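Just so it is clear, none of the values below were taken in a lab; they were calculated from the coordinates. Keep in mind that this is a model prediction, so the values were computed, not measured. No Cβ is skipped: glycine too gets one built from the backbone with ideal geometry, and neighbour counts run over all protein chains shown.
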Amino acid sequence: MDQSHAPVLEALVAYARSGQTPFTPPGHKQGRGADPRARAVLGDAVYTSDVLATSGLDDRTSSHHVLERAQELMADAVGAKHTFFSTCGSSLSVKAAMLAVAGPHEKLLLGRDAHKSVVSGLILSGVRPIWVEPAWDPDLRLAHPPSPDAFEAAFAEHPDARGALVTSPTPYGTCADLVALAELCHQRDRPLIVDEAWGAHLPFHPDLPTWAMDAGADVCVTSVHKMGSALEQSSVFHLQGDRITVPMLAACADLLGTTSPSVLVYAALDGWRRQMAEDGRRIYDAALELAGTVRERVEQIDGMHVHGRDEFCAPGRAADLDPLQVIIDISALGVTGYRAADWLRERHQVNLHVCDHRRISAQLTHADSRETADTLLSALRDLARNAPRLRTGATVEVPDPPQLRLEQVTLPRDAFFGPTEQIPVADAAGRVAAEMLTPYPPGIPAALPGERLDTAVLRYLRSGVEAGMVVPDAADPELTSVKVVSES
């Protein structure tokens, strides 16, 4: 296909030139009704391009197939059979994929390092999760994607599972062995879903980890706003093979999605695809070279260590690593990642990605340059110099891996929607959680509805909050109390 075309962007240009007069939503009518103060901040182009997808970008019957052609070009650019755009983020896309594979009370194998959106999908669908243990690193207190052997064992114990879902890459950049996972799923004629939210860029350079469609996955969900050039909430999900039908996946997406999709999001997705198809190799040549330089220079800062493939991709850990995720261990500085991230934003106006009890991370993309890299490096050097006065003495009590694994007592949906009560955290050990308790970012629940809480996980979360961890989805974000299933 001719990848120089961008159907959504071209249709927006044609709409503006045609002098249409809308008597439809959006009510700002090309920005004419918008507050001038809002237009001054957002710009006129945001409003003039904010039109309906039908009776706007396309006609009432979508006879020009604008969105369809844009999705076909995206599928062609990355080598997928079908592609769907989502303006509700990958949180919607991954739920749609789950619903297309398993129904209420049916089993689905899931890596326990799944994002909270996956748990939300379990609550909505009533699917029965069969959790597959991540590859825990007891020394670094870090989870890598589950191994193929772990999924193999889960399938052996639950041969009636409808399929499998794995997160790869993780927010830390570590990747699963997707080729092996696809093979073991397909040996059973079961689909593999890959939550590849952090992997929008992977199809466009051979030195990046293998992306899900090339590995043989059936469905791949990608957040283009994370590592691509699209706007927030931009997501695509790709499909290949015949284990999941196009109508079924489309119907599940329609069930969850908005009837008022943002054409701005569609346009940004369309533009990003064209940019990558035409120039992605050169763009990522430069990005990977810059990432290598940044990694080397951070490693030279006293008290900082950059994790690389040699550590994260050792036997029993991850299969690969995205080098654009620069994960920095600062434990030698005696400062938590939470404290460091807050200080860097306040002192240097530098916003970091994932931070935890001992690490900070900088997400590099094709948009970074020597100038942004120098800003980061200067801020990190200043952090190292000021570390002694940033130490609070607060420590996060991270349990050993076996203690992090909670017993799934009931379906997440039943715990979430059933009778609940809010009790002091001191009384919560042994009770069944009725809410997600999720350190964020990266958004992987430490406890989820239906799991039996224990002292080790509760102490981890409480000590984390005291040290600066954010748990935004809890009814009580300070975690002095917890929502649990009512014993009555």
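Positive end of the dipole of segment 246-392 (Cβ unit charges, origin at the Cα centre): among LEU352, PHE312, THR336, the Cα lying farthest that way belongs to THR336.
In a reduced charge model with +1 at each Lys and Arg Cβ and -1 at each Asp and Glu Cβ, the chain shows a dipole moment near 1040 debye about its Cα centre. Within the straight-line cut-off of under 19 Å between alpha carbons, the lysines reachable from LYS95 are LYS107, LYS116, LYS226, sequence neighbours fewer than 8 places apart in one chain being disregarded. The alpha carbon centroids of segment 370-425 and segment 427-479 are separated by 10 Å. Within the chain, the selection of entire DSSP H helices by a Cα span of 27 Å or greater along the long axis and an average Kyte-Doolittle value of at least -1.0 returns 263-299, 370-390.
Think of each Lys and Arg Cβ as +1 and each Asp and Glu Cβ as -1; about the Cα centre, that makes the dipole of segment 280-390 roughly 240 debye. Taking packing as the residue-averaged number of other Cβ atoms within 10 angstrom, the listed peptides 463-471, 211-219 run from highest to lowest as 211-219, 463-471. Normalising the average separation of contacting C-alpha pairs (under 8 angstrom, six or more residues apart) by the number of residues puts the relative contact order of segment 1-158 at 15 percent.
R0 = 41 Å: FRET efficiency of GLU68 with ARG389, Cβ-based, nearest 0.05? If you can, show how the numbers build up before the last one.
Working: r = 58 Å, r/R0 = 1.42.
Once the sixth-power term is evaluated, E becomes 0.10.
Along segment 426-433 the Karplus relation, 6.51 cos²θ - 1.76 cosθ + 1.60 evaluated at θ = phi - 60°, assigns HN-Hα couplings of 5, 9, 8, 4, x, 8, 9, 5 Hz to successive residues, with x for each Gly and Pro. Here the simple spin-label model places points 7 Å from the Cα toward Cβ, and for SER488 and ASP382 these points are separated by 5.7 nm. Basic side chains Lys and Arg get +1 at the Cβ, acidic Asp and Glu get -1 at the Cβ, and with that the dipole of segment 401-485 about its Cα centre reaches some 180 debye.
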